[in-house]
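The next block holds one structure in the form of structure tokens; read it before the comments.
The values are calculated or read from the model by the stated rules, or taken from the named source; none is laboratory data. What you see is a predicted model, and the numbers here were worked out from it, not measured in a lab. FYI the Cβ positions are ideal-geometry reconstructions off the backbone, even for glycines, and counts take in every protein chain you see.
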Amino acid sequence: MAKLSAEQLQTLRQRLLERYNHLRSDIYRELHKIGREEDFKDLAGEVHDPAEASVADMIFEADIEAINTQALELQRIEAALKRMAEGDYGECIDCGDDIGYARLQAEPDALRCITCQERFEKQQPVRPTTL
Ligand SMILES: [Zn+2]
């Protein structure tokens, strides 16, 4: 277990939970919106206007991408909360070193220390946008 005080852990846990609830309601709202966009897409298909139909497609795909990004963050937060419950929170998953409170404050769902994170991002130049 990383050297975090009970208060520090509590602060980070609170921030993770707030972000988690915020993301969940965002995703719910986006999904709800897509339900309507799908109706719009069907309507646009019946109107013989290809330009209008492609705009509907664009809106639809943009929303999916936003949801995927949010769903990925939600997964990271869930993983962080799980690690917290298991007592592994705050330790780098690659080298096992303490991630450090300053870094966790900036990014409470961080899984790696800054050194390993930079190496990880170099290996993955393109951020995954799908699950
Ligand atoms: Zn590390």
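Values as computed for the structure displayed
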read-out	value
Residue list for segment 70-90, restricted to those being closer than 15 Å to SER25 by Cα and small (Gly, Ala, Ser)	ALA71
Contacts under 7 angstrom Cβ, first residue in segment 89-107 being in contact (Cβ under 8 Å) with a residue 40 or more places away in the chain, partner assigned to a helix (DSSP H, G or I) and more than 10 Å from the ligand (Cβ to nearest atom), 6 or more apart	TYR89/ALA80; TYR89/ARG83; GLY90/LEU104; TYR101/GLN8; LEU104/LEU12
Count of segment 87-122 residues which are away from the ligand (no atom under 13 Å from the Cβ) and of a type in the set (Phe, Trp, Tyr)	2
Wholly within segment 33-131, helices (runs of 4 or more DSSP H) carrying at least 1 residues that are surrounded by 13 or more Cβ atoms within 10 Å (Cβ to Cβ), small (Gly, Ala, Ser) and at pLDDT 90 or above	50-86
Index of the failed condition, GLY87 passing every other in (1) among the small types (Gly, Ala, Ser); (2) over 18 Å from the mean Cα position of the chain (by Cα); (3) within 19 Å of HIS22 (Cα to Cα)	(3)
